[in-house]
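Undergrad: Right, I'll just put the structure down here and ask away after.
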Amino acid sequence: MKRNRPFLATLTLMLLASALTCLIIASTIGRELGFFSGRFGFVREYAALLSRIDELYIGDYDEKDVAAAANGAAVYSLGDRWSFYMTPEEYVSYLDSVNNRFVGIGIIAIVDEETGGMLVNSVYRGSAAEAGGLAAGDIIIGIDGEDITSAEFEEMRLLLSRQVGESVDLTVKRAGGVTEKLTVIYSYIFVDPVIYEMMENGIGYIQLANFENGSASSFIAAVDDCISRGAFAFIFDVRSNGGGKVAEMTRILDYLLPEGEIFVAVDRGGTEEITKSGPGMIDMPCVVLVDRYSFSAAEYFAATLKEYGYASVVGEQTTGKDRSQVTVTLPGGGALHISSAKFLTKDRVSLYEVGGLTPDHQVGLTDDEFELFMTGNLEKESDPQFLKAVELLNGAPE
(Lines give C-alpha, C1' and ligand atoms only; values in the text may rest on other atoms or scores of the structure.)
Protein backbone atom coordinates (compact mmCIF):
# COMPACT_ATOMS: atom_id res chain seq x y z
CA MET A 1 0.00 0.00 0.00
CA LYS A 2 2.83 2.35 0.76
CA ARG A 3 4.06 1.94 -2.80
CA ASN A 4 0.79 3.47 -4.10
CA ARG A 5 1.01 6.68 -2.08
CA PRO A 6 3.14 8.59 -4.65
CA PHE A 7 0.68 7.60 -7.35
CA LEU A 8 -2.29 8.76 -5.29
CA ALA A 9 -0.55 12.01 -4.45
CA THR A 10 0.23 12.61 -8.12
CA LEU A 11 -3.34 11.79 -9.13
CA THR A 12 -4.67 14.12 -6.45
CA LEU A 13 -2.46 16.95 -7.69
CA MET A 14 -3.55 16.31 -11.28
CA LEU A 15 -7.21 16.43 -10.30
CA LEU A 16 -6.67 19.62 -8.32
CA ALA A 17 -4.83 21.20 -11.27
CA SER A 18 -7.64 20.20 -13.64
CA ALA A 19 -10.24 21.59 -11.28
CA LEU A 20 -8.30 24.84 -10.94
CA THR A 21 -7.96 25.10 -14.73
CA CYS A 22 -11.71 24.55 -15.17
CA LEU A 23 -12.40 27.15 -12.50
CA ILE A 24 -10.15 29.70 -14.23
CA ILE A 25 -11.79 29.01 -17.64
CA ALA A 26 -15.26 29.24 -16.14
CA SER A 27 -14.35 32.46 -14.37
CA THR A 28 -12.96 33.96 -17.61
CA ILE A 29 -16.04 32.97 -19.61
CA GLY A 30 -18.27 34.22 -16.83
CA ARG A 31 -16.49 37.55 -16.73
CA GLU A 32 -16.79 37.96 -20.53
CA LEU A 33 -20.49 37.06 -20.46
CA GLY A 34 -21.16 39.27 -17.46
CA PHE A 35 -22.14 36.52 -15.00
CA PHE A 36 -20.86 38.71 -12.17
CA SER A 37 -22.63 41.89 -13.28
CA GLY A 38 -25.96 43.07 -14.65
CA ARG A 39 -24.60 42.51 -18.17
CA PHE A 40 -25.61 38.82 -18.10
CA GLY A 41 -29.25 39.86 -18.35
CA PHE A 42 -28.52 41.54 -21.70
CA VAL A 43 -26.59 38.49 -22.92
CA ARG A 44 -29.47 36.20 -21.96
CA GLU A 45 -31.96 38.51 -23.69
CA TYR A 46 -29.90 38.52 -26.89
CA ALA A 47 -29.51 34.73 -26.81
CA ALA A 48 -33.28 34.38 -26.38
CA LEU A 49 -33.85 36.77 -29.30
CA LEU A 50 -31.63 34.69 -31.59
CA SER A 51 -33.38 31.53 -30.48
CA ARG A 52 -36.82 32.96 -31.28
CA ILE A 53 -35.62 34.23 -34.69
CA ASP A 54 -34.35 30.75 -35.48
CA GLU A 55 -37.58 29.19 -34.26
CA LEU A 56 -40.15 31.55 -35.81
CA TYR A 57 -38.70 33.54 -38.73
CA ILE A 58 -40.25 32.45 -42.04
CA GLY A 59 -37.45 33.76 -44.27
CA ASP A 60 -33.80 32.90 -44.77
CA TYR A 61 -31.03 34.69 -42.93
CA ASP A 62 -27.31 34.45 -42.23
CA GLU A 63 -26.35 34.26 -38.56
CA LYS A 64 -23.06 36.04 -39.32
CA ASP A 65 -24.96 38.99 -40.80
CA VAL A 66 -27.20 39.16 -37.73
CA ALA A 67 -24.21 39.06 -35.37
CA ALA A 68 -22.32 41.71 -37.35
CA ALA A 69 -25.38 43.99 -37.36
CA ALA A 70 -25.82 43.55 -33.60
CA ASN A 71 -22.15 44.29 -32.91
CA GLY A 72 -22.22 47.35 -35.16
CA ALA A 73 -25.42 48.65 -33.55
CA ALA A 74 -23.93 48.23 -30.06
CA VAL A 75 -20.98 50.49 -30.88
CA TYR A 76 -23.15 52.91 -32.88
CA SER A 77 -25.40 53.37 -29.84
CA LEU A 78 -22.47 54.99 -27.99
CA GLY A 79 -23.10 58.10 -30.08
CA ASP A 80 -19.40 58.51 -30.90
CA ARG A 81 -18.78 59.04 -34.61
CA TRP A 82 -15.17 57.91 -34.25
CA SER A 83 -15.96 54.48 -32.76
CA PHE A 84 -17.08 51.54 -34.89
CA TYR A 85 -17.16 47.76 -35.21
CA MET A 86 -15.44 45.94 -38.08
CA THR A 87 -16.29 42.50 -39.41
CA PRO A 88 -13.32 40.17 -40.01
CA GLU A 89 -13.35 41.13 -43.70
CA GLU A 90 -13.54 44.85 -42.93
CA TYR A 91 -10.74 44.48 -40.39
CA VAL A 92 -8.44 43.00 -43.04
CA SER A 93 -9.14 45.99 -45.31
CA TYR A 94 -8.59 48.35 -42.38
CA LEU A 95 -5.17 46.84 -41.67
CA ASP A 96 -4.26 47.36 -45.30
CA SER A 97 -5.37 51.00 -45.18
CA VAL A 98 -3.34 51.85 -42.06
CA ASN A 99 -0.30 50.43 -43.83
CA ASN A 100 -1.03 52.63 -46.86
CA ARG A 101 -1.62 49.66 -49.11
CA PHE A 102 -4.61 48.28 -50.96
CA VAL A 103 -5.56 45.53 -53.38
CA GLY A 104 -6.08 46.75 -56.92
CA ILE A 105 -4.47 47.53 -60.22
CA GLY A 106 -3.16 50.92 -59.12
CA ILE A 107 -4.86 53.72 -61.04
CA ILE A 108 -6.71 56.95 -60.38
CA ALA A 109 -9.50 57.39 -62.91
CA ILE A 110 -12.54 59.53 -63.70
CA VAL A 111 -15.36 59.26 -66.23
CA ASP A 112 -14.30 60.31 -69.72
CA GLU A 113 -17.01 62.68 -70.96
CA GLU A 114 -16.44 61.92 -74.64
CA THR A 115 -16.52 58.11 -74.57
CA GLY A 116 -18.21 57.36 -71.25
CA GLY A 117 -15.31 55.09 -70.28
CA MET A 118 -12.78 55.39 -67.45
CA LEU A 119 -10.09 57.98 -68.14
CA VAL A 120 -6.86 57.02 -66.37
CA ASN A 121 -5.53 60.15 -64.67
CA SER A 122 -2.47 58.54 -63.15
CA VAL A 123 -0.82 55.16 -62.57
CA TYR A 124 0.95 54.32 -59.31
CA ARG A 125 4.63 53.54 -59.62
CA GLY A 126 5.37 49.83 -59.30
CA SER A 127 1.69 48.91 -59.60
CA ALA A 128 0.06 46.06 -61.51
CA ALA A 129 -1.38 48.61 -63.95
CA GLU A 130 2.09 49.89 -64.79
CA ALA A 131 3.36 46.32 -65.25
CA GLY A 132 0.37 45.54 -67.47
CA GLY A 133 1.01 48.50 -69.75
CA LEU A 134 -1.62 51.03 -68.63
CA ALA A 135 -0.60 54.69 -68.80
CA ALA A 136 -2.08 58.06 -67.90
CA GLY A 137 -4.39 59.21 -70.70
CA ASP A 138 -5.63 55.71 -71.54
CA ILE A 139 -9.40 55.24 -71.60
CA ILE A 140 -10.78 51.91 -70.37
CA ILE A 141 -13.86 51.13 -72.47
CA GLY A 142 -14.26 47.43 -71.68
CA ILE A 143 -13.82 45.11 -68.69
CA ASP A 144 -13.62 41.36 -69.31
CA GLY A 145 -15.13 41.86 -72.75
CA GLU A 146 -18.09 43.90 -71.44
CA ASP A 147 -18.61 47.41 -72.84
CA ILE A 148 -18.69 49.85 -69.92
CA THR A 149 -19.20 53.13 -71.77
CA SER A 150 -22.87 53.30 -70.75
CA ALA A 151 -22.30 52.21 -67.13
CA GLU A 152 -22.29 54.39 -64.01
CA PHE A 153 -18.86 54.98 -62.47
CA GLU A 154 -19.77 52.91 -59.39
CA GLU A 155 -20.66 49.98 -61.66
CA MET A 156 -17.26 50.30 -63.33
CA ARG A 157 -15.55 50.32 -59.95
CA LEU A 158 -17.41 47.18 -58.86
CA LEU A 159 -16.51 45.41 -62.12
CA LEU A 160 -12.86 46.11 -61.30
CA SER A 161 -13.13 44.69 -57.76
CA ARG A 162 -10.91 41.57 -57.41
CA GLN A 163 -8.70 39.70 -54.95
CA VAL A 164 -4.90 39.48 -54.93
CA GLY A 165 -3.69 37.19 -57.69
CA GLU A 166 -6.83 37.48 -59.83
CA SER A 167 -6.69 39.13 -63.24
CA VAL A 168 -8.82 41.42 -65.39
CA ASP A 169 -8.93 41.84 -69.15
CA LEU A 170 -9.18 45.50 -70.16
CA THR A 171 -10.11 47.02 -73.49
CA VAL A 172 -8.23 50.30 -73.70
CA LYS A 173 -8.52 53.21 -76.12
CA ARG A 174 -5.17 54.91 -76.49
CA ALA A 175 -3.94 58.16 -78.01
CA GLY A 176 -4.75 58.34 -81.71
CA GLY A 177 -7.82 56.14 -81.30
CA VAL A 178 -5.90 52.86 -81.24
CA THR A 179 -7.66 50.14 -79.21
CA GLU A 180 -5.68 47.51 -77.32
CA LYS A 181 -6.44 44.66 -74.95
CA LEU A 182 -4.40 44.36 -71.77
CA THR A 183 -4.40 41.82 -68.94
CA VAL A 184 -3.60 43.09 -65.45
CA ILE A 185 -3.02 40.88 -62.39
CA TYR A 186 -4.15 42.28 -59.03
CA SER A 187 -1.57 42.77 -56.29
CA TYR A 188 -0.94 44.75 -53.12
CA ILE A 189 -0.07 48.35 -53.89
CA PHE A 190 1.79 50.59 -51.45
CA VAL A 191 0.68 54.18 -51.83
CA ASP A 192 3.21 56.69 -50.54
CA PRO A 193 1.14 59.25 -48.56
CA VAL A 194 3.67 61.98 -49.42
CA ILE A 195 3.82 63.89 -52.70
CA TYR A 196 6.36 66.68 -52.86
CA GLU A 197 8.24 68.97 -55.18
CA MET A 198 10.85 71.68 -54.97
CA MET A 199 9.39 74.90 -56.36
CA GLU A 200 11.45 77.27 -58.50
CA ASN A 201 11.13 80.04 -55.90
CA GLY A 202 12.92 78.00 -53.22
CA ILE A 203 9.74 76.75 -51.52
CA GLY A 204 9.35 73.06 -50.78
CA TYR A 205 5.79 71.84 -51.28
CA ILE A 206 4.84 68.66 -49.35
CA GLN A 207 1.37 67.14 -49.54
CA LEU A 208 0.62 64.59 -46.83
CA ALA A 209 -2.43 62.39 -47.48
CA ASN A 210 -2.53 60.74 -44.04
CA PHE A 211 -0.54 59.97 -40.90
CA GLU A 212 -0.67 56.18 -41.24
CA ASN A 213 2.29 53.81 -41.02
CA GLY A 214 5.31 55.01 -42.97
CA SER A 215 4.11 58.60 -43.32
CA ALA A 216 6.70 60.08 -40.94
CA SER A 217 9.66 58.49 -42.74
CA SER A 218 8.36 59.67 -46.12
CA PHE A 219 7.66 63.18 -44.83
CA ILE A 220 11.07 63.59 -43.20
CA ALA A 221 12.82 62.26 -46.30
CA ALA A 222 10.90 64.78 -48.44
CA VAL A 223 11.86 67.71 -46.19
CA ASP A 224 15.51 66.62 -46.14
CA ASP A 225 15.57 66.31 -49.92
CA CYS A 226 14.06 69.78 -50.41
CA ILE A 227 16.57 71.31 -47.99
CA SER A 228 19.45 69.63 -49.84
CA ARG A 229 18.14 71.28 -53.01
CA GLY A 230 18.07 74.76 -51.48
CA ALA A 231 14.61 75.12 -49.89
CA PHE A 232 14.29 78.17 -47.64
CA ALA A 233 10.57 77.71 -46.75
CA PHE A 234 7.86 75.05 -46.83
CA ILE A 235 4.18 74.56 -47.61
CA PHE A 236 2.71 71.55 -45.79
CA ASP A 237 -0.58 70.51 -47.38
CA VAL A 238 -2.86 68.44 -45.12
CA ARG A 239 -6.11 69.29 -46.90
CA SER A 240 -8.59 66.39 -46.79
CA ASN A 241 -6.14 64.46 -44.61
CA GLY A 242 -8.17 62.12 -42.40
CA GLY A 243 -5.51 61.66 -39.74
CA GLY A 244 -3.83 58.43 -38.68
CA LYS A 245 -1.37 57.28 -36.03
CA VAL A 246 -0.37 59.51 -33.12
CA ALA A 247 3.14 58.02 -33.20
CA GLU A 248 3.62 59.03 -36.84
CA MET A 249 2.35 62.57 -36.22
CA THR A 250 4.47 63.14 -33.11
CA ARG A 251 7.56 61.86 -34.91
CA ILE A 252 7.04 64.55 -37.56
CA LEU A 253 6.39 67.25 -34.96
CA ASP A 254 9.48 66.17 -33.03
CA TYR A 255 11.52 66.52 -36.23
CA LEU A 256 10.15 70.00 -37.03
CA LEU A 257 9.79 71.66 -33.61
CA PRO A 258 12.12 72.66 -30.76
CA GLU A 259 12.12 70.91 -27.41
CA GLY A 260 8.73 71.03 -25.72
CA GLU A 261 5.28 69.45 -25.43
CA ILE A 262 3.84 68.19 -28.71
CA PHE A 263 0.95 65.94 -27.66
CA VAL A 264 -1.34 65.84 -24.63
CA ALA A 265 -3.55 62.78 -24.10
CA VAL A 266 -6.10 62.65 -21.27
CA ASP A 267 -7.34 59.25 -20.09
CA ARG A 268 -10.74 58.33 -18.64
CA GLY A 269 -9.59 59.36 -15.17
CA GLY A 270 -8.46 62.80 -16.31
CA THR A 271 -4.72 62.04 -16.09
CA GLU A 272 -2.55 63.71 -18.70
CA GLU A 273 0.07 61.78 -20.64
CA ILE A 274 2.42 64.22 -22.35
CA THR A 275 4.68 63.54 -25.34
CA LYS A 276 7.65 65.89 -25.73
CA SER A 277 9.97 66.66 -28.60
CA GLY A 278 13.72 66.56 -28.23
CA PRO A 279 16.27 69.25 -29.10
CA GLY A 280 16.79 70.28 -32.70
CA MET A 281 14.35 71.70 -35.20
CA ILE A 282 13.88 72.80 -38.81
CA ASP A 283 14.05 76.57 -38.50
CA MET A 284 12.37 77.78 -41.69
CA PRO A 285 9.18 79.73 -42.51
CA CYS A 286 6.20 77.43 -43.07
CA VAL A 287 2.55 77.56 -44.07
CA VAL A 288 0.06 74.72 -43.47
CA LEU A 289 -2.93 74.25 -45.79
CA VAL A 290 -6.14 72.85 -44.25
CA ASP A 291 -9.76 72.40 -45.30
CA ARG A 292 -13.11 71.24 -43.91
CA TYR A 293 -11.99 67.61 -44.27
CA SER A 294 -8.75 67.98 -42.35
CA PHE A 295 -9.34 66.28 -39.03
CA SER A 296 -7.79 64.30 -36.19
CA ALA A 297 -3.98 64.19 -36.57
CA ALA A 298 -4.12 66.60 -39.53
CA GLU A 299 -5.78 69.45 -37.67
CA TYR A 300 -3.79 68.71 -34.51
CA PHE A 301 -0.58 68.89 -36.58
CA ALA A 302 -1.58 72.29 -37.97
CA ALA A 303 -2.74 73.56 -34.57
CA THR A 304 0.51 72.58 -32.86
CA LEU A 305 2.65 74.27 -35.50
CA LYS A 306 0.47 77.36 -35.12
CA GLU A 307 0.72 77.41 -31.30
CA TYR A 308 4.50 77.20 -31.48
CA GLY A 309 4.51 80.18 -33.86
CA TYR A 310 6.20 77.91 -36.36
CA ALA A 311 3.67 78.17 -39.18
CA SER A 312 0.74 80.20 -40.45
CA VAL A 313 -2.42 78.26 -41.34
CA VAL A 314 -4.31 78.92 -44.58
CA GLY A 315 -7.63 77.44 -45.72
CA GLU A 316 -10.96 76.57 -44.15
CA GLN A 317 -12.21 75.77 -40.66
CA THR A 318 -11.29 72.16 -39.86
CA THR A 319 -13.58 69.39 -38.61
CA GLY A 320 -12.89 69.54 -34.87
CA LYS A 321 -11.93 66.27 -33.17
CA ASP A 322 -10.46 65.65 -29.72
CA ARG A 323 -10.57 61.89 -29.28
CA SER A 324 -8.03 59.21 -30.09
CA GLN A 325 -8.89 55.57 -30.69
CA VAL A 326 -7.47 52.11 -30.10
CA THR A 327 -8.28 49.03 -32.17
CA VAL A 328 -8.95 45.79 -30.30
CA THR A 329 -9.16 42.42 -32.04
CA LEU A 330 -12.21 40.35 -31.04
CA PRO A 331 -12.43 36.55 -30.65
CA GLY A 332 -14.35 36.06 -33.90
CA GLY A 333 -11.76 37.86 -36.04
CA GLY A 334 -13.54 41.22 -36.11
CA ALA A 335 -12.34 44.32 -34.29
CA LEU A 336 -13.51 47.21 -32.16
CA HIS A 337 -12.18 50.67 -33.01
CA ILE A 338 -13.10 52.80 -30.00
CA SER A 339 -12.35 56.20 -28.52
CA SER A 340 -10.19 55.62 -25.46
CA ALA A 341 -8.63 59.02 -24.74
CA LYS A 342 -9.13 62.74 -25.26
CA PHE A 343 -6.40 64.89 -26.71
CA LEU A 344 -5.59 68.56 -26.19
CA THR A 345 -3.16 70.87 -27.94
CA LYS A 346 -0.04 72.18 -26.21
CA ASP A 347 -2.08 75.16 -24.97
CA ARG A 348 -4.76 72.73 -23.63
CA VAL A 349 -7.31 73.48 -26.34
CA SER A 350 -9.92 70.90 -27.32
CA LEU A 351 -10.39 71.25 -31.08
CA TYR A 352 -13.84 69.71 -30.75
CA GLU A 353 -15.00 72.22 -28.15
CA VAL A 354 -13.84 75.22 -30.21
CA GLY A 355 -15.39 73.85 -33.41
CA GLY A 356 -12.14 73.00 -35.18
CA LEU A 357 -9.00 74.93 -36.02
CA THR A 358 -9.56 78.45 -37.35
CA PRO A 359 -6.97 79.34 -40.03
CA ASP A 360 -4.94 82.52 -39.74
CA HIS A 361 -6.01 83.25 -43.31
CA GLN A 362 -9.43 81.90 -44.30
CA VAL A 363 -9.45 81.09 -48.00
CA GLY A 364 -12.04 78.75 -49.51
CA LEU A 365 -12.37 76.76 -52.70
CA THR A 366 -15.39 76.78 -54.99
CA ASP A 367 -17.20 73.47 -55.48
CA ASP A 368 -15.55 73.09 -58.90
CA GLU A 369 -12.10 73.86 -57.47
CA PHE A 370 -12.63 71.39 -54.64
CA GLU A 371 -13.68 68.63 -57.05
CA LEU A 372 -10.56 69.26 -59.12
CA PHE A 373 -8.42 69.18 -55.97
CA MET A 374 -9.89 65.84 -54.84
CA THR A 375 -9.13 64.24 -58.20
CA GLY A 376 -5.63 65.70 -58.31
CA ASN A 377 -6.46 68.02 -61.20
CA LEU A 378 -6.38 71.45 -59.55
CA GLU A 379 -3.35 73.21 -61.00
CA LYS A 380 -1.31 75.17 -58.48
CA GLU A 381 -1.65 78.39 -60.45
CA SER A 382 -5.44 78.02 -60.10
CA ASP A 383 -5.44 77.03 -56.41
CA PRO A 384 -6.27 80.10 -54.27
CA GLN A 385 -5.17 78.43 -51.02
CA PHE A 386 -1.80 77.43 -52.44
CA LEU A 387 -1.33 80.88 -53.99
CA LYS A 388 -2.04 82.53 -50.62
CA ALA A 389 0.61 80.35 -48.99
CA VAL A 390 3.18 81.35 -51.62
CA GLU A 391 2.25 85.01 -51.16
CA LEU A 392 2.87 84.77 -47.41
CA LEU A 393 6.20 83.00 -47.79
CA ASN A 394 7.38 85.48 -50.39
CA GLY A 395 6.67 88.29 -47.97
CA ALA A 396 3.97 89.98 -50.10
CA PRO A 397 1.67 92.48 -48.36
CA GLU A 398 -1.26 90.79 -46.65
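The values are calculated or read from the model by the stated rules, or taken from the named source; none is laboratory data. As the structure is a computational prediction, the values presented were derived from the model and not from experiment. All Cβ positions, even for glycine, are placed from backbone atoms using ideal geometry, and neighbour counts span all protein chains on display.
Undergrad: Given (1) of a type outside the set (Phe, Trp, Tyr); (2) over 19 Å from Gly242 (Cα atoms); (3) in contact (Cβ under 8 Å) with a residue 24 or more places away in the chain, identify the lone condition not met by Gly395.
TA: (3)
Undergrad: Report yes if Glu45 is in the same structural domain as Asp169 (by TED's automatic domain parsing), at pLDDT 85 or above, loosely packed, with under 11 Cβ neighbours inside 10 Å and more than 29 Å from the chain's Cα centre (by Cα), otherwise no.
TA: The answer is no for Glu45.
Undergrad: Pairs please, first residue from the stretch 146-172 and in the same structural domain as Gly116 (by TED's automatic domain parsing) and within 22 Å of Ala135 (Cβ to Cβ), second anywhere and of a type in the set (Lys, Arg) and not in a strand (DSSP E or B), Cβ atoms under 8 Å, 6+ apart in sequence or on different chains.
TA: Val168/Arg162
Undergrad: Let me ask another. Can you name the residue in the stretch 79-97 that is out of contact with any strand residue (DSSP E or B) (no Cβ under 7 Å at 6 or more places or on another chain) and touching a residue at least 60 places away in the same chain (Cβ under 8 Å) and, of all such residues, is nearest to Ala136 (Cα to Cα)?
TA: Looking at the filtered set, the residue picked out is Ser97.
Undergrad: Quick check: anything in the stretch 249-260 assigned by TED's automatic domain parsing to the domain that holds Met374 and more than 27 Å from Met198 (Cα to Cα)?
TA: Yes, that holds for at least one residue.
Undergrad: Given the criterion more than 29 Å from Val191 (Cβ to Cβ), within 29 Å of the chain's Cα centre (by Cα) and modelled with pLDDT of 90 or more, identify the matching residue among Leu56, Leu78.
TA: Sole residue among the options that is more than 29 Å from Val191 (Cβ to Cβ), within 29 Å of the chain's Cα centre (by Cα) and modelled with pLDDT of 90 or more: Leu78.
Undergrad: Where residues in the stretch 202-222 are touching a Leu at 6+ places or on another chain (Cβ under 8 Å) and outside any strand (DSSP E or B), which of them is modelled with the highest pLDDT?
TA: Among those that are touching a Leu at 6+ places or on another chain (Cβ under 8 Å) and outside any strand (DSSP E or B), it is Phe219.
Undergrad: Could you grab me the full set of residues in the stretch 154-192 that are in a helix (DSSP H, G or I) and in contact with a strand residue (DSSP E or B) (Cβ under 8 Å, 6 or more places away or on another chain)?
TA: Met156, Leu159, listed by residue number.
Residue-by-condition table, conditions (1) outside the structural domain of Met198 (by TED's automatic domain parsing); (2) in contact with a Leu (Cβ under 9 Å, 6 or more places away or on another chain); (3) over 30 Å from Leu78 (Cβ atoms); (4) among the aromatic types (Phe, Trp, Tyr):
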position: Leu344; (1), (2), (3), (4): no, yes, no, no
position: Glu353; (1), (2), (3), (4): no, no, no, no
position: Gln362; (1), (2), (3), (4): no, no, yes, no
position: Leu365; (1), (2), (3), (4): no, yes, yes, no
position: Glu371; (1), (2), (3), (4): no, yes, yes, no
position: Asn377; (1), (2), (3), (4): no, no, yes, no
position: Gln385; (1), (2), (3), (4): no, yes, yes, no
position: Ala389; (1), (2), (3), (4): no, yes, yes, no
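Undergrad: I've got another one for you. Could you grab me the full set of residues in the stretch 370-398 that are loosely packed, with under 15 Cβ neighbours inside 10 Å, within 25 Å of the chain's Cα centre (by Cα) and either outside any loop (DSSP other than H, G, I, E, B) or on the phi < 0 side of the Ramachandran plot (or both)?
TA: Of everything in the stretch 370-398, those that are loosely packed, with under 15 Cβ neighbours inside 10 Å, within 25 Å of the chain's Cα centre (by Cα) and either outside any loop (DSSP other than H, G, I, E, B) or on the phi < 0 side of the Ramachandran plot (or both) turn out to be Glu371, Met374, Thr375, Asn377.
Undergrad: For the stretch 109-134, name all the residues that are among the aliphatic types (A, V, I, L, M) and either over 17 Å from Lys181 (Cβ atoms) or without any contact (Cβ under 8 Å) to a residue 24 or more places away in the chain (or both).
TA: Those that are among the aliphatic types (A, V, I, L, M) and either over 17 Å from Lys181 (Cβ atoms) or without any contact (Cβ under 8 Å) to a residue 24 or more places away in the chain (or both): Ala109, Ile110, Val111, Leu119, Val120, Val123.
Undergrad: Further, regarding this structure: Of all residues in the stretch 280-304, which are over 19 Å from the mean Cα position of the chain (by Cα) and closer than 16 Å to Leu344 by Cα?
TA: Within the stretch 280-304, Ala303, Thr304 qualify.
Undergrad: Identify, please: which residue in the stretch 82-100 is charged (D, E, K, R) and either under 22 Å from Asp65 (Cα atoms) or in the same structural domain as Lys342 (by TED's automatic domain parsing) (or both) and is, among those, surrounded by the most Cβ atoms within 10 Å (Cβ to Cβ)?
TA: The extreme case among them is Glu90.
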